[in-house]
Structures are given as structure tokens and as C-alpha cells.
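Chemist: For reference, the structure I am asking about is given below.
Quick note: the coordinates plus some simple rules give every number you see, no bench work behind them. Not measured: the values here are computed from a predicted model. Quick reminder, even Gly has a Cβ in these numbers, built from the backbone with ideal geometry, and neighbours come from all protein chains shown.
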Amino acid sequence: MEPAIFHGLGTAIITPFHADESVDHASLKKLVEAQIAGGVDFLVACGSTGEASTLTEDETNAVISTVIAASNGRIPVVAGCTHNSTREAARRATAIAKIPGLSGILTANPYYNKPTQQGQYLHFKAIADAVAPLPVLLYNIPGRTAANLDPTTLMRLAVLPNVVGIKESSGNLAQIGEILAIKPAAFAVFAGDDYLALPIIAGGGTGLISVASNVAPKLVSQLIKAALVHDLGAAREFAKELHALNNALFSEPNPAPTKAVLAMMGLIEGDTLRLPMMPVGDATQEKLQTVATDLGLLPQ
């Protein structure tokens with residue numbers, strides 16, 4: 001297997017909406033520019049932070065196309081594609097894989113069904129086979145899907161030629177440590193939780209797929225770059241600086257707090273979400289305002 005093609009900091013980019021809940025493609029392009037200027041290494045469009053579960057298939061493809069066009073080859077773009085029906089997931093992934101300029105697919109555990117490990121193996125293999133040779137990143141997030149991908153099952157998938165890595169959001173450092181100990185050298189392991197980026201990279205991880213970098217790409221990028229060159233002193237300082245932001249961004253369900261901060265920053269026109277997601281409450285809004293002000297994120 002060749003060296004990891006995705007590395008460093010990836011932003012799980014939000015999908016901005018107009019007040020009528022239609023996709024705001026103009027703001028999305030501005031967000032891509034801000035991410036690239038902030039030093040991120042790649043973008044993930046239409047993940048859970050991008051509210052993929054409330055987008056139609058046509059909207060999903062349009063959002064991915066906009067992110068690719070705005071990126072214009074400067075950094076890779078990965079597209080989220082998750083479904084609890086293996087057949088439907090493979091069909092949608094096949095269609096997404098045909099979008100020109102796409103660098104890879106990110107696909108999470110099949111949600112709700114609570115499959116066995118063999119069921120998950122066959123599910124992920126079907127998606128990987130359907131889009132081959134396009135690279136595939138797996139996404140383990142049992143808190144949302146009610147299914148955990150065990151390290152032994154992951155290693156069976158890691159030998160597939162286009163399964164190149166995983167976004168690990170189990171929050172289980174013992175499990176992630178086992179993955180780092182037994183994985184193939186070129187298999188990428190990304191922290192899926194901002195607050196665990198430093199320990200996972202210190203243990204041999206590849207980087208972070210981040211929520212916080214939506215609003216603070218430069219600062220998160222500095223953290224990841226420092227961690228990857230083993231400058232742990234600098235990385236700790238950046239992690240301390242980001243601590244309050246990471247807590248605030250998850251004080252209500254993601255991505256509502258992130259959209260609230262981006263609206264304060266003037267990067268999107270409002271904090272519109274689609275039901276069942278709701279804008280943050282007044283107390284969270286005040287907390288986010290304070291944290292964003294302290295970090296110098298808001299216009300003067």
C-alpha cells in the first residue's frame with residue numbers, strides 16, 4: 001500500500017442554508033476559501049457536520065460539486081456517503097464517485113440496524129468495491145450509529161486496496177490505541193473528536209477531521225502541524241487555547257453551535273438548520289459569543 005493520501009487536518013465543513021432552508025452555495029464557496037487560507041489539508045463535504053441526513057440526493061451532489069469547484073484542485077475533497085441499507089449506500093456512493101475532481105469517500109457505520117461485525121465488514125466492502133479505485137475512509141461513530149467497528153474487523157477491511165483509513169470517533173482511547181498498534185503502516189487513522197486530536201496523533205495517528213476548524217482553521221491547523229512534528233510543547237499550548245472552543249461547540253448538538261459562531265463571524269448569513277436540528281438557545285449563544293471574542297474570531 002502506498003503512503004496515506006489524506007493526512008493532517010481535514011475540516012468536516014458545514015452546509016450553509018438561506019433563511020428559506022435552501023443551500024447557500026455562495027457562502028459555501030466563501031467557507032472553502034477561508035478553510036484553504038487557514039491552512040487545512042483537505043475538506044469533507046456532506047458529513048454529519050454538513051447535515052447530510054437532511055439533504056436530498058441532488059442537494060448532496062450539488063454541495064459536493066460546489067466544494068470541489070471552489071477548492072479548484074488546491075486541496076483534496078472527500079464526500080460523505082452513509083446509509084443503513086448496504087445496497088442504497090453502494091448505489092449512492094457509485095453516483096458520488098463520478099463527480100469530477102472528487103478525491104475520496106467517507107462512509108460511516110450503517111446506523112439503526114445494529115449489525116454484527118460480519119455485517120459491517122460486508123457493508124463497507126460493498127461500498128469500497130462499488131467505488132474502486134476511489135479511496136475510501138471509514139468512519140466509526142457508534143454514538144450516532146449504535147454500531148462499533150472493532151479493530152479486528154477494521155484490519156480485515158484495511159487490506160482492501162482502496163480502503164485507506166478511518167475517522168475514529170468512538171472516544172475509546174484503548175480501542176484507538178489497539179488500532180494504532182496493529183494497523184498497516186500506510187493506513188491513516190484520524191481523530192474524529194477535536195479534543196482527542198493530540199493524544200491520538202501522539203500515539204501515531206495521521207491527523208484530525210475537525211469540527212472546530214470550521215471557525216478556527218488556522219489555530220486548529222497549528223495544533224495539528226505541531227503535533228505531527230512531535231513539538232508537543234507547542235501542541236499543548238494550542239490545545240489549551242482551543243479547549244474552551246471545543247467545549248462550547250459541543251454544548252448543544254453539532255453543527256448548531258458551529259453555525260452560530262460562523263454567523264457571528266459574518267461567514268454565513270444566518271444560523272439556519274433543518275429540522276429536527278434547532279438553533280442554539282440563548283445561554284449557549286452567550287457562551288459562544290464569549291469564547292469567539294476571547295479567541296479573536298469576531299469582526300472588530
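Chemist: With a Förster radius of 25 Å, plug the Cβ-Cβ distance of Leu122 and Ala174 into 1/(1 + (r/R0)^6) and report the FRET value to the nearest 0.05.
Modeler: My answer for the efficiency is 0.45.
Chemist: A follow-up question, please. Roughly how many debye, to the nearest 20, is the charge dipole of region 70-186 about its Cα centre, given +1 on each Lys and Arg Cβ, -1 on each Asp and Glu Cβ, and no other charges?
Modeler: So the magnitude is around 280 debye.
Chemist: On the first, second and third principal axes, largest extent first, how far apart are the outermost C-alpha atoms of region 8-230 in Å?
Modeler: Principal-axis extents of region 8-230 (Cα, largest first): 43, 42, 29 Å.
Chemist: Quickly work out the Asn72-to-Ile99 label distance, labels modelled 7 Å from Cα along the C-beta direction, and quote it in nm with one decimal.
Modeler: Simple spin-label model gives 1.9 nm for this pair.
Chemist: Using the basic label-point model (7 angstrom from Cα toward the beta carbon), what is the Met265 to Met155 distance in nanometres?
Modeler: Here the answer is 4.0 nm between the modelled labels.
Chemist: To continue, here is another question. Taking a 31 Å limit on the Cα-Cα distance, which of the listed pairs Lys114/Lys287; Lys98/Lys167; Lys183/Lys287; Lys98/Lys240; Lys29/Lys287; Lys30/Lys167 fall beyond it?
Modeler: In this structure, Lys114/Lys287; Lys183/Lys287; Lys98/Lys240 exceed 31 Å between Cα atoms.
Chemist: May I pose another question? What fraction of the DSSP beta bridges in the chain is antiparallel, stated in percent and rounded to the nearest 5? Could you put the intermediate results ahead of the total?
Modeler: Numbers: 1 of 29 bridges.
Rounded to the nearest five, the antiparallel share is 5 percent.
Chemist: Next up: Round to a whole angstrom and tell me the spacing of the C-alpha centers of region 16-68 and region 110-151.
Modeler: 23 Å
Chemist: Step through the residues of region 119-131 one at a time and calculate ³J(HN,Hα) from phi using the Karplus curve (6.51 cos²θ - 1.76 cosθ + 1.60, θ = phi - 60°), rounding each to whole Hz and writing x for Gly and Pro.
Modeler: x, 5, 4, 5, 4, 5, 4, 4, 5, 4, 5, 5, 9
Chemist: In the chain, once you exclude exposed trypsin sites (Lys or Arg not before Pro) (DSSP loop, at most 14 other Cβ within 10 angstrom), what's the longest stretch remaining?
Modeler: By the stated rule (loop sites, at most 14 other Cβ atoms within 10 Å), 99-273.
Chemist: Follow-up question, since we're still on this one. If I model a spin label as a point 7 Å beyond the Cα along the Cα-Cβ vector, how far apart are those points for Lys218 and Glu59 in nm?
Modeler: 3.3 nm
Chemist: Something else now. Would you mind calculating the gained length between Lys114 and Ala186 on full extension (0.36 nm times residue separation, minus the Cα-Cα distance), in nm to one decimal? Intermediate results must be reported in sequence, preceding the final value.
Modeler: Working: separation 72, 0.36 × 72 = 25.92 nm, distance 2.95 nm.
So the chain would gain 23.0 nm between Lys114 and Ala186.
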